[in-house]
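Shown next, in structure tokens, is the structure this report addresses.
The values are calculated or read from the model by the stated rules, or taken from the named source; none is laboratory data. None of the values given here were measured: they were computed from a predicted structure. Positions of Cβ are backbone-derived with ideal geometry, glycine not excepted, and every protein chain shown enters the neighbour counts.
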Amino acid sequence: MSKPKVIVTRKWPAEVEAELKALYDVQLNESDIPLTADELKLALQTADALLPTVTDALTADVLDVENKRVKIIGNLGVGYNNIDIKAAQSQGIVVTNTPHVLTDCTADIAMLLLLMSARRASEGERLILQQKWLGWKPTQLVGQKVTGKTLGLIGFGRIAQAMARKAHHGFGMKIIFFSPSQPDQAIVDNLQAERCASIEDLLSEAHFVSLHCPGGEATKHLINEDRLKLMLPSAHLINTARGDVVDSKALIKALKEGWIAGAGLDVYEGEPNLNPEFLSLNNVSLLPHLGSATQETRLAMGNRVLANIAAFFADEEPEDRIV
């Protein structure tokens with residue numbers, strides 16, 4: 001019996017690629033250059049399983065290609081707004097993701113950005129790199145204290161809860177959150193957290209606002225000009241969720257005009273082509289989508305995909321099935 005054909009859209013951890021080679025007729029992406037829409041369509045026509053990443057746009061147009069062979073899409077990432085889920089479902093394609101395994105590392109990056117923004121770390125590093133630092137002085141790069149401040153979380157899933165634990169138990173921060181659904185009360189009690197009635201209420205109270213909601217049409221520009229104006233002038237916005245949750249132009253305006261003190265970003269609208277005006281700002285810390293970028297997490301994500309497609313090809317239910 002021939003092995004299932006599997007196409008991987010980007011370069012993955014070597015251990016995962018070796019396992020794929022052992023188990024399947026696999027086509028790897030040695031160049032690590034993202035596939036075009038036409039190449040994705042061809043992959044759908046020639047493979048039994050397509051293994052994309054969160055940056056591969058599997059739109060309705062791509063998924064609607066004729067003579068599809070693909071039966072399962074094993075997405076490398078917990079988010080899946082890169083895939084038109086309704087289109088996949090209507091065409092009988094199974095879609096899986098990789099939850100649980102990237103929670104702590106993404107929360108770590110959110111805390112890193114919070115600290116960088118509060119303490120003006122990016123500005124300080126630029127002083128050193130540009131050889132402009134002339135020595136210590138009392139008024140140089142005075143930032144804001146983190147310990148004991150209020151952290152507001154928009155979205156309260158696994159990553160937000162992990163960040164809340166680090167912030168509350170590690171830095172003594174007060175935790176407030178907005179979530180459409182009521183989380184486990186034991187978790188809320190452990191964090192001494194308070195649920196806000198609205199995003200607006202949260203924005204007006206938090207010293208730091210961290211975004212942990214999914215991307216997509218429902219949350220596009222959730223943080224816009226009107227909501228940025230509700231934040232405290234001393235507040236910082238942290239985004240490790242999805243770039244389109246924040247209106248980039250509005251955020252740039254807020255940072256330039258001092259509506260808020262700073263921002264820390266790991267994701268961007270239209271990434272990797274971020275708005276160039278961000279590069280001229282001193283009060284923003286920028287990372288290149290590093291949320292899950294640890295050896296342990298990326299390996300675990302790959303193994304999660306392997307487990308999902310193995311279950312599918314064994315006529316079993318994949319653990320992380322979305323549709």
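With the requirement that a residue be outside any strand (DSSP E or B), surrounded by 14 or more Cβ atoms within 10 Å (Cβ to Cβ) and either not assigned by TED's automatic domain parsing to the domain that holds V62 or not β-branched (V, I, T) (or both), what does segment 16-36 give you? It would help to see each step written out before you state the result.
Here is the first cut: in segment 16-36, the ones outside any strand (DSSP E or B) are 16-24, 28-36.
Of the ones still in play, those that are also surrounded by 14 or more Cβ atoms within 10 Å (Cβ to Cβ) are 16-17, 19-20, 23-24, 28-29, 34-35.
Once the filter is applied, which keeps residues that are outside any strand (DSSP E or B), surrounded by 14 or more Cβ atoms within 10 Å (Cβ to Cβ) and either not assigned by TED's automatic domain parsing to the domain that holds V62 or not β-branched (V, I, T) (or both), segment 16-36 yields E17, E19, L20, L23, Y24, L28, N29, P34, L35.
Against the condition over 16 Å from the mean Cα position of the chain (by Cα), in a strand (DSSP E or B) and aliphatic (A, V, I, L, M), how does I187 come out, does it pass?
Answer is no for this residue.
Selection over segment 240-267 of residues that are under 19 Å from T106 (Cα atoms) and touching a residue at least 60 places away in the same chain (Cβ under 8 Å) gives a count of 7.
Note on segment 205-246: residues that are surrounded by 15 or more Cβ atoms within 10 Å (Cβ to Cβ), part of a helix (DSSP H, G or I) and either not assigned by TED's automatic domain parsing to the domain that holds K166 or not charged (D, E, K, R) (or both) total 4.
With the requirement that a residue be small (G, A, S) and touching a residue at least 40 places away in the same chain (Cβ under 8 Å), what does segment 74-123 give you? Give the steps one after another, and end with the answer.
As a first pass, look at segment 74-123 and keep what is small (G, A, S): 74, 77, 79, 87-88, 90, 92, 107, 110, 117-118, 121-122.
Matches in segment 74-123: G74, G77, G79, A88, A107, A110, S117, A118, A121, S122.
Results for (1) in contact with a strand residue (DSSP E or B) (Cβ under 8 Å, 6 or more places away or on another chain); (2) basic (K, R); (3) crowded, with 21+ Cβ neighbours inside 10 Å; (4) in a helix (DSSP H, G or I), shown as yes or no for each residue.
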| position | (1), (2), (3), (4) |
| --- | --- |
| E39 | no, no, no, yes |
| L44 | yes, no, yes, yes |
| D56 | no, no, yes, no |
| Y80 | yes, no, yes, no |
| A107 | no, no, yes, yes |
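Filter segment 121-139 down to residues that are within 14 Å of S285 (Cβ to Cβ) and either of a type in the set (K, R) or surrounded by fewer than 10 Cβ atoms within 10 Å (Cβ to Cβ) (or both), then give me how many there are. Count: 1. None of P288, P272, P318 is surrounded by 17 or more Cβ atoms within 10 Å (Cβ to Cβ) and touching a residue at least 12 places away in the same chain (Cβ under 8 Å) except P318.
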